[in-house]
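Here, each number is a calculation from the coordinates, and none is a lab measurement. Being a predicted model, the structure only gives us computed values, none of them experimental. Here the Cβ positions follow ideal geometry from the backbone for every residue, glycine too, while neighbour counts run over all protein chains shown.
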Amino acid sequence: MRGMRPLAAALLVCAGMAAFAGPAAALILPIERAEQRSLDFAERTCARDKHCVSFGVLNCRRQGPKVVLCRIFDERRTPIQGRYRCERLIRMSLDPVSGRLPITGLGDWHC
């Protein structure tokens, strides 16, 4: 019986850690939330460019439970170059502690 006490204590510690980490580990970043965050980012990007005529999100795909990649586009129209569209891949990673959704990676623009 005496040998069981350390084992029982270890199991209790593991169960306590799992209960504490469980809610944070169970969080999954919804694609809809990532898409909205991407749209906000594209809107701010477009607002800084006087030649941008529209913006949006083409698609989003999950890279992991808390990571989503979205492709945004920035449509432009200039007198010299005419109308063209640029695309960029952005990566968002959910911070389970704060619930924030920072952009953690930016791909190159492809026009």
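Taking amide H positions as placed 1.01 Å from N in the peptide plane, with prolines and chain starts having none, which residues 5 or more places from residue 56, or on another chain, fall under 5 Å of its amide H?
Amide H neighbours of residue 56: 73.
What's the ranking of 66-76, 81-91, 28-38, 43-53 by average number of surrounding C-beta atoms within 10 Å, highest first?
Order by mean packing, descending: 66-76, 28-38, 81-91, 43-53.
Where the convex hull is taken over the Cα atoms of the range 26-87, what is its projected area averaged over directions, in nm²?
4.2
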